[in-house]
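Following: one structure in structure tokens, then a few remarks.
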């Protein structure tokens with residue numbers, strides 16, 4: 001019985017929802033040796049389920065496909081869940097930092113699209129965000145930009161998480177401050 005349960009668990013893990021992946025950068029490096037040069041490749045890949053989970057990985061190998069495979073495996077091990085508003089944008093504006101890289105991300109109205117450059121765009125597409133405005137300030141290094149983006153995204157909190165942390169209801173958190181002003185105007 002226990003053996004059958006283990007098989008079922010393994011099968012369920014293998015049948016996890018398929019992830020989309022995006023190759024962000026590939027770098028060729030060479031090492032000079034006695035007989036000439038030896039080339040190696042480093043790949044940077046972003047993986048996501050386009051429903052709020054994203055991760056990145058890097059892989060190095062003598063051949064490009066092997067480097068990409070290694071990077072994809074590492075990215076799947078390092079997935080992060082990010083709460084999305086209406087499944088299309090961020091809940092609030094935020095800033096992320098890593099090293100000299102700094103990124104600013106803002107939620108956007110429906111129909112805006114992804115206004116972001118290079119590696120940040122790949123992260124947002126794999127995350128499933130449809131409307132966001134982002135700007136990279138500082139380092140233009142792909143690795144640092146992705147790490148800064150994920151740093152900012154992990155800081156995001158949804159109204160449900162805030163309500164849970166404060167011991168309140170979501171409606172109390174989302175309540176607008178316009179109500180007291182309207183009551184004062186009527187009096």
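Relative contact order, percent, of the stretch 2-165 when contacts are C-alpha pairs under 8 Å separated by at least 6 residues? Don't jump to the answer; show the numbers that get you there.
Numbers: 362 pairs, mean separation 32.2, N = 164.
Computed value for the stretch 2-165: 20 percent relative contact order.
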Evaluated over the stretch 2-165, the Cα radius of gyration and Dmax, each in Å
18.3, 65
Only residues of the stretch 83-111 count here: report those whose backbone N is under 19 Å from the spot 7 Å along Cα→Cβ of residue 175, or say none.
none
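At a 10 Å Cβ-Cβ cut-off, how would you order 149, 89, 154, 32, fewest neighbours first? It would help to have the intermediate numbers written out before the result.
Details: 149 28, 89 21, 154 13, 32 8.
Sorted ascending by nearby Cβ count, the order is 32, 154, 89, 149.
So how do 37, 168 line up by other beta-carbon neighbours within 10 Å, fewest first? Spell out each step's value before the answer.
Working: 37 8, 168 13.
If I rank by nearby Cβ atoms, fewest first, I get 37, 168.
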Cut-off is 10 Å between beta-carbons; in what order do 58, 34, 51 appear when sorted fewest neighbours first?
34, 51, 58
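Every number in this text was worked out from the coordinates using simple rules, so none of it is lab data. All figures in this text were calculated on a predicted structure; none of them were measured in a lab. Glycine gets a Cβ as well: all are built from the backbone with ideal geometry, and neighbour counts include every protein chain shown.
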